[in-house]
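Participant: The structure that follows is given in the form of structure tokens.
The values are calculated or read from the model by the stated rules, or taken from the named source; none is laboratory data. Just so it is clear, the model here is predicted, and its values are computed rather than measured. Backbone-built Cβ (ideal geometry, glycine too); neighbour counts: all protein chains shown. Accessible surface areas use protein heavy atoms only, side chains included; no ligands, DNA or RNA. Shrake-Rupley method; radii C 1.70, N 1.55, O 1.52, S 1.80 Å.
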Amino acid sequence: MTANITYSDVEVGTELPAQTFSVTRATLVQYAGASGDFNPIHWNEKFAKEVGLPDVIAHGMFTMAEAIRVVTDWTGDPGSVVEYGVRFTKPVVVPNDDQGATIEVSGKVAAKLDDNTVRVDLTATSAGLKVLGMSRAVVRLA
């Protein structure tokens, strides 16, 4: 998992390898158990629809965690992430079928900063909709 990415190797505009992440209802149940977030909008279709959602939706923190994997896989070091923040713009709707949903994530170096750090801007979509806005990570490179 060592990527050996160095600050001197990276330029503004460098694109990170895009990734697609699958999420099913089973994934949501596993995440709920790990996170302790058992909000019924993440597992109960009837409840989700009663509160105005189109269907069960993925946890926002799950979506956020999947997106940052593009960065940590690129650097090879989860500890390289100095800052990370997003705005949740649309939910990831997870139908109750064999496919579930996918989250497509791409990233690009937007700026070279001080102290061997770069800012990476991420784009995350699901079903053609942008699900994270202002998704940015500051990453320290060797």
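Participant: Report the Cα centroid-to-centroid distance between the range 1-33 and the range 121-136 in angstrom, as an integer.
Facilitator: One Cα centre to the other: 13 Å.
Participant: Among Lys90, Lys108, Lys49, which one shows the highest mean-square fluctuation when the chain is modelled as a Gaussian network with alpha-carbon springs under 10 Å?
Facilitator: Sorting by GNM fluctuation, first place goes to Lys49.
Participant: Of the candidates Gly76, Gly128, Gly60, which one comes out as most mobile in a Gaussian network treatment of the chain with C-alpha springs shorter than 10 Å?
Facilitator: Maximum among the listed residues: Gly128.
Participant: A follow-up question, please. Work out, step by step, the length gained on full extension between Thr20 and Arg69: first 0.36 nm times the residue separation, then minus their alpha carbon distance; give nm to one decimal.
Facilitator: In short, 16.6 nm is gained.
Participant: For the range 23-36, in order, what is each residue's ³J(HN,Hα) by Karplus, 6.51 cos²θ - 1.76 cosθ + 1.60 with θ = phi - 60°, in whole Hz (x at glycine and Pro)?
Facilitator: 9, 10, 4, 4, 4, 5, 5, 4, 5, 4, x, 6, 8, x
Participant: Further question: Compute the Kirkwood hydrodynamic radius of the range 84-130, taking the inverse of the mean of 1/r over all pairs of distinct Cα atoms, and give it in Å to one decimal.
Facilitator: It works out to 12.8 Å.
Participant: Further question: Suppose all protein chains stay in the model; what accessible area per residue would a 1.4 Å probe give for the chain, in Å²?
Facilitator: 53 Å²
Participant: Are there any GluC sites (Glu not before Pro) in the range 1-109 that are in a DSSP loop and have at most 15 other Cβ atoms within 10 Å? List them by number.
Facilitator: On the way: sites: Glu11, Glu15, Glu45, Glu50, Glu66, Glu83, Glu104; in loops: Glu11.
When the GluC sites (Glu not before Pro) of the range 1-109 are filtered for loop state and at most 15 Cβ neighbours within 10 Å, Glu11 remain.
Participant: Accessible area of Phe88, 1.4 Å probe, to the nearest 10 Å²?
Facilitator: Estimated to the nearest 10 Å², Phe88 gives 120 Å².
Participant: If you roll a 1.4 angstrom probe over the protein chains with everything in place, what fraction of the accessible area of the chain belongs to carbon and sulfur, to the nearest %?
Facilitator: 52 percent
Participant: On to the next question. When only C-alpha pairs under 8 Å and at least 6 residues apart count, what is the relative contact order of the range 37-142, in percent?
Facilitator: 25 percent.
Participant: Calculate, for Glu50 and Ala127, the FRET efficiency according to 1/(1 + (r/R0)^6) with r their C-beta to C-beta distance and R0 25 Å; round to the nearest 0.05. Write out the running numbers ahead of the final one.
Facilitator: On the way: r = 22 Å, r/R0 = 0.86.
Efficiency computed from Cβ-Cβ geometry: 0.70.
Participant: Next question, about the same structure. Quick one: 3J(HN,Hα) in Hz for the range 85-100, Karplus 6.51/-1.76/1.60 with θ = phi - 60°, rounded, Gly and Pro as x.
Facilitator: These are the phi-based 3J(HN,Hα) values: x, 9, 10, 7, 9, 9, x, 8, 7, 10, x, 8, 9, 6, 8, x Hz.
Participant: Right, next: Add -39500 (n - 2.57) for each DSSP H run of 4 or more in the chain, then divide by its residues: what number comes out at 222 nm, to the nearest 500 deg cm²/dmol?
Facilitator: -7000 deg cm²/dmol
Participant: How many Lys pairs in the chain lie less than 26 angstrom apart by Cα atoms, where the lysines are 8 or more positions apart or on different chains? Display every interim value, and only then the final one.
Facilitator: On the way: Lys46/Lys90; Lys46/Lys130; Lys49/Lys90; Lys49/Lys130; Lys90/Lys108; Lys90/Lys130; Lys108/Lys130; Lys112/Lys130.
Going through the chain pair by pair, I get 8.
Participant: Still on this structure, please answer the following. Stokes-Einstein at 10 °C, 1.306 mPa s, Kirkwood radius from Cα pairs: D for the chain in µm² s⁻¹?
Facilitator: The diffusion coefficient I find is 100 µm²/s.
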